[in-house]
1. Please count how many residues of region 32-44 are within 12 Å of the chain's Cα centre (by Cα) and not in a helix (DSSP H, G or I).
2. Any idea which residue in region 1-31 is farthest from the chain's Cα centre (by Cα), counting only those that are farther than 12 Å from Ser75 by Cβ and of a type in the set (A, V, I, L, M)?
3. Starting from region 1-17, take each residue that is touching a residue at least 40 places away in the same chain (Cβ under 8 Å) and list its partners that are among the small types (Gly, Ala, Ser) and outside any helix (DSSP H, G or I), counting only C-beta distances under 7 angstrom and pairs at least six apart or across chains.
4. Out of curiosity, is Ile17 in contact with an Asp or Glu (Cβ under 9 Å, 6 or more places away or on another chain) and at negative phi?
Amino acid sequence: MSAQKIEKEIKIINTMIDIYKKGHPNEDVESLRDYAVKRIEKCPRIETKTFCSRCDIHCYQKVMRDQIKQVMRYSGPRLIWHHPIQLIKHILGG
């Protein structure tokens, strides 16, 4: 179960970062992508967690947390146009 959930979390974060990157081509977000994937892979609550924003543990360093919030604020509303099925699965899964 946890391997599948990790894979789904990584897929959605990669999708969101890709959308952000298209809208902000001059920004380097690859280090953020690598960091986010590492955090997802090491998540101690992967079995029971819903969304990271609702978790009582903050795995991200403050700077990276601010960056990922910026990516999610931009990409979240655009997911409906780029990947509607993935968005619905993410919302229902979370």
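1. Matching residues across region 32-44 total 0.
2. Going through region 1-31, the residues farther than 12 Å from Ser75 by Cβ turn out to be 1-11, 25-28, 30-31.
Going one step further and asking which of them are of a type in the set (A, V, I, L, M), we end up with 1, 3, 6, 10.
Values: Met1: 19, Ala3: 16, Ile6: 11, Ile10: 7 Å.
Among those residues, the one meeting the criterion is Met1.
3. none
4. On the way: in contact with an Asp or Glu (Cβ under 9 Å, 6 or more places away or on another chain): yes; at negative phi: yes.
The answer is yes for Ile17.
Readers should treat all values here as calculations from the given coordinates under stated rules, not as data from a laboratory. Keep in mind that what you see is a predicted model, and the values were worked out from it rather than measured. Cβ: placed from backbone, ideal geometry, glycine included. Neighbour counts: every protein chain shown.
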